[in-house]
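Data first, discussion second: the structure below is written as structure tokens.
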Amino acid sequence: MDEIKHDWNRMAQAYEEFSRAEDSYSRKIEWPCVRSLLPDLRGKRVVDLGCGTGIFTFLLERSGPAAVTGIDLSEEMLQIAREKAKATGSCARFVLYDAAKCADVIETPVDFIFSSTTSHYIKDLGQLFDGVSKSLKKNGESVFSVIHPVYSAMYPIEHGDIFPEDEAWTVRYLDRSMRAYVQPWIEYNEAVEDHLSRSYHHTFADYVNAVTGAGLTIEQICEPMAPEEWRTSQPDRYEASIETPVYMIVKMRKR
């Protein structure tokens with residue numbers, strides 16, 4: 001986790017610039033699906049796990065929760081989030097902590113927990129979802145947007161500090177070796193030197209077993225497609241999203 005924390009501190013500004021673009025995958029593919037799965041958050045207590053620079057924290061705040069808290073382990077990411085909160089008058093609160101150990105800092109159970117593309121940086125999914133379950137009220141809900149298991153299976157296998165060739169991006173679904181790759185917000189940002197990021201690959205079964213093992217019920221799973229407008233405006237991105245889905249979004253409830 002120290003290496004992952006270092007990576008995100010280093011990439012914070014580049015990630016913010018990449019993700020806030022109007023045609024980003026986060027805004028065009030991920031968020032419309034997440035929004036369709038959200039419960040009524042008015043007056044509720046909400047947590048955003050692995051909130052980064054607060055992109056989704058502020059979107060969730062628009063739904064009128066009584067309180068919204070973002071948790072992340074990167075000081076640089078949270079600094080950007082706090083600056084945005086101050087500039088916009090947001091009441092969101094941001095806490096520096098490891099999302100995998102969320103139950104340590106969520107002392108009073110909350111109504112709703114959200115997370116976007118954080119779980120593949122966490123080795124122990126059981127610990128993560130146990131923490132989510134402990135942190136939710138009875139009948140509390142959660143929506144996790146994860147890198148689709150087919151997509152993370154395509155991440156190149158780590159070979160020390162060797163940068164992967166294009167040919168290394170092949171699906172190895174049942175291989176749980178550490179993955180290493182260059183993030184797009186680094187690759188396409190000339191101001192930042194290329195750097196290998198490392199993450200884990202979890203299968204669909206890994207997620208289902210971790211979620212149900214934590215006492216959570218899966219209510220809905222969504223695999224969002226790229227917007228139809230991309231079929232003509234960005235055909236390469238559109239076809240790529242059909243071939244290899246980027247997100248799997250899971251709605252859960254604590255019974």
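The values are calculated or read from the model by the stated rules, or taken from the named source; none is laboratory data. Computed from a predicted model, the values in this text were never measured in an experiment. We place every Cβ from the backbone using ideal geometry, glycine too, and count neighbours over all the protein chains shown. Accessible surface is based on the protein model in full, side chains and every heavy atom, while ligands, DNA and RNA are left aside. Shrake-Rupley method; radii C 1.70, N 1.55, O 1.52, S 1.80 Å.
A few remarks follow.
- Projecting the alpha carbon convex hull of the chain along each direction and taking the average yields 13.1 nm².
- Length available on full extension from residue 66 to residue 79: 0.36 nm per residue minus the Cα-Cα distance, which gives 2.4 nm.
- Over the chain, Cα pairs under 8 Å with separation of 6+ residues give a relative contact order of 19 percent.
- GNM top mover of 48, 161, 194 - the chain, alpha-carbon springs below 10 Å: 161
- Loop-located GluC sites (Glu not before Pro) in segment 3-110, at most 12 other Cβ atoms within 10 Å (DSSP): 22, 107
- Mean residue ellipticity (222 nm) of the chain, computed from DSSP H runs ≥ 4 via -39,500 (n - 2.57), nearest 500: -9500 deg cm²/dmol
- Take every Cα pair under 8 Å whose residues are at least 6 apart in sequence, average their separation, divide by the length of segment 1-75, and the relative contact order is 31 percent.
- Accessible surface of segment 154-255, 1.4 Å probe, proportion on carbon and sulfur as whole %: 50 percent
- Sites residue 229 and residue 91 - FRET efficiency at Förster radius 30 Å, r taken between beta-carbons, to 0.05: 0.30
- With Cα atoms as the point set, the radius of gyration and Dmax of segment 1-48 evaluate to 14.5, 37 Å.
- For the chain, the Cβ-based charge dipole about the Cα centre amounts to some 1600 debye (Lys, Arg positive; Asp, Glu negative; other atoms uncharged).
- For segment 75-175, the relative contact order works out to 23 percent when only alpha carbon pairs closer than 8 Å and six or more residues apart are counted.
- Whole-number D in µm²/s for segment 126-255 (Stokes-Einstein; Kirkwood sum over Cα pairs; 4 °C, 1.567 mPa s): 78 µm²/s
- Size descriptor for segment 213-255, Kirkwood hydrodynamic radius: 12.1 Å (Cα pairs only, one decimal).
- Low-density loop positions, chymotrypsin sites (Phe, Trp or Tyr not before Pro), segment 200-255 - DSSP coil, at most 12 other Cβ in 10 Å: none
- Principal axis analysis of the Cα atoms in segment 151-217 yields extents of 45, 23, 18 Å, listed in decreasing size.
- Cα-derived Rg to Rh of segment 10-139, Kirkwood definition: 0.93
- Length gained when the stretch residue 208-residue 108 is fully extended (0.36 nm per residue, less Cα-Cα span): 33.4 nm
- Note on residue 138: lysines with a C-alpha under 18 Å away, same-chain residues under 8 apart excluded, are 44, 251, 254.
- Shape parameters for segment 79-203, alpha-carbon atoms, Rg then Dmax in Å: 17.4, 48
- Estimated translational diffusion coefficient (Stokes-Einstein, Kirkwood radius over Cα pairs, 20 °C, 1.002 mPa s) of segment 67-133: 167 µm² per second.
- Computed from the C-beta positions of residue 4 and residue 36 and an R0 of 22 Å, the FRET efficiency is 0.15 to the nearest 0.05.
- Taking 0.36 nm per residue of separation and subtracting the Cα-Cα distance, full extension of the segment from residue 22 to residue 176 would add 52.1 nm.
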